[in-house]
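Chemist: Can you read through this structure? Questions will come right after.
The values are calculated or read from the model by the stated rules, or taken from the named source; none is laboratory data. Treat the numbers as computed from the prediction; the structure is a model and nothing was measured. Cβ: placed from backbone, ideal geometry, glycine included. Neighbour counts: every protein chain shown.
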């Protein structure tokens, strides 16, 4: 896997896959097993069964989690990629309906911090979030001890509408982080 640049893992694999990959990660702590891998895409079905996703991919910069129905924060934080700077959580392209989160948004930043304390940009795409949950995510992300490097949060087609434009304008004027919103109904 030394020349691999992008990797997509989706679906359910045999139990041997998870144990072998975890074993490879443990034995490779001294040397990265994939020094060129910069993008990792994984779906929530794979994450549910994989206890330590990502520990063998130290150089990954961009992570995408594709969700079929809904996802809990304990599943999200199974990815540990200390060098990751960008994260996207989106509804899977083959999902029947827009995905969402199990828990309230106030705990989301802690899950994101577990993925990587270096996150600079987080994008939520085609998820069932809505205006009020978007505001809660923003409030929770503001805590100074959480995501110190986070500069941009994007909401793309997450059931938001123009009634939150005042909120996003205020956030952007504070210069704490940029909030980008593309209003609309999620695909899926």
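Chemist: Restrict the check to segment 56-67 and report whether at least one residue is touching a helix residue (DSSP H, G or I) at 6+ places or on another chain (Cβ under 6 Å), under 30 Å from residue 133 (Cα atoms) and modelled with pLDDT of 90 or more.
Modeler: Yes, there is a match, as at least one residue in segment 56-67 is touching a helix residue (DSSP H, G or I) at 6+ places or on another chain (Cβ under 6 Å), under 30 Å from residue 133 (Cα atoms) and modelled with pLDDT of 90 or more.
Chemist: Take residue 188 and decide whether it is more than 23 Å from residue 37 (Cβ to Cβ), in contact with a strand residue (DSSP E or B) (Cβ under 6 Å, 6 or more places away or on another chain), at pLDDT below 90 and not in a helix (DSSP H, G or I).
Modeler: Values: more than 23 Å from residue 37 (Cβ to Cβ): yes; in contact with a strand residue (DSSP E or B) (Cβ under 6 Å, 6 or more places away or on another chain): yes; at pLDDT below 90: yes; not in a helix (DSSP H, G or I): yes.
In short, yes.
The rows are residues; the columns are (1) farther than 19 Å from residue 43 by Cα; (2) touching a helix residue (DSSP H, G or I) at 6+ places or on another chain (Cβ under 7 Å); (3) part of a helix (DSSP H, G or I); (4) in contact (Cβ under 8 Å) with a residue 40 or more places away in the chain.
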{"residue": "87", "(1), (2), (3), (4)": "no, yes, no, no"}
{"residue": "96", "(1), (2), (3), (4)": "no, no, no, yes"}
{"residue": "108", "(1), (2), (3), (4)": "no, yes, yes, no"}
{"residue": "124", "(1), (2), (3), (4)": "no, no, no, no"}
{"residue": "132", "(1), (2), (3), (4)": "yes, no, yes, no"}
{"residue": "153", "(1), (2), (3), (4)": "yes, yes, no, no"}
{"residue": "163", "(1), (2), (3), (4)": "yes, yes, yes, no"}
{"residue": "170", "(1), (2), (3), (4)": "yes, no, yes, no"}
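Chemist: Spot the failing condition for residue 97; the list is (1) surrounded by 14 or more Cβ atoms within 10 Å (Cβ to Cβ); (2) within 25 Å of residue 185 (Cα to Cα); (3) out of contact with any strand residue (DSSP E or B) (no Cβ under 6 Å at 6 or more places or on another chain), and only one is missed.
Modeler: Evaluating residue 97 over (1) surrounded by 14 or more Cβ atoms within 10 Å (Cβ to Cβ); (2) within 25 Å of residue 185 (Cα to Cα); (3) out of contact with any strand residue (DSSP E or B) (no Cβ under 6 Å at 6 or more places or on another chain) leaves (1) as the failure.
Chemist: For segment 172-185, which positions are buried (at least 19 other Cβ atoms within 10 Å of the Cβ) and at pLDDT below 95? First the steps, then the outcome.
Modeler: Initially, segment 172-185 is screened for residues buried (at least 19 other Cβ atoms within 10 Å of the Cβ), giving 177, 179, 181.
Of everything in segment 172-185, just one residue is buried (at least 19 other Cβ atoms within 10 Å of the Cβ) and at pLDDT below 95, namely 177.
Chemist: Using the structure shown, decide if residue 81 is in a helix (DSSP H, G or I), under 12 Å from the mean Cα position of the chain (by Cα), modelled with pLDDT under 90 and crowded, with 18+ Cβ neighbours inside 10 Å.
Modeler: Working: in a helix (DSSP H, G or I): no; under 12 Å from the mean Cα position of the chain (by Cα): yes; modelled with pLDDT under 90: yes; crowded, with 18+ Cβ neighbours inside 10 Å: yes.
Judged against the criteria, residue 81 is not a match.
Chemist: Right, another one. Could you list, in sequence order, the residues of segment 135-151 that are under 18 Å from residue 170 (Cβ atoms), assigned to a loop (DSSP other than H, G, I, E, B) and in contact with a helix residue (DSSP H, G or I) (Cβ under 7 Å, 6 or more places away or on another chain)?
Modeler: 143, 150
Chemist: Something else: Going by the structure shown, is residue 107 surrounded by fewer than 18 Cβ atoms within 10 Å (Cβ to Cβ), modelled with pLDDT under 95 and within 26 Å of residue 57 (Cα to Cα)? Show your work before the answer.
Modeler: Values: surrounded by fewer than 18 Cβ atoms within 10 Å (Cβ to Cβ): yes; modelled with pLDDT under 95: yes; within 26 Å of residue 57 (Cα to Cα): yes.
It is true that residue 107 is surrounded by fewer than 18 Cβ atoms within 10 Å (Cβ to Cβ), modelled with pLDDT under 95 and within 26 Å of residue 57 (Cα to Cα).
Chemist: Now for a different question. What are the residues in segment 153-165 that are on the phi < 0 side of the Ramachandran plot and either at pLDDT below 95 or crowded, with 16+ Cβ neighbours inside 10 Å (or both), if any?
Modeler: Step one: of segment 153-165, the residues on the phi < 0 side of the Ramachandran plot are 153-156, 158, 160-165.
Correct list: 153, 154, 155, 156, 158, 160, 164.
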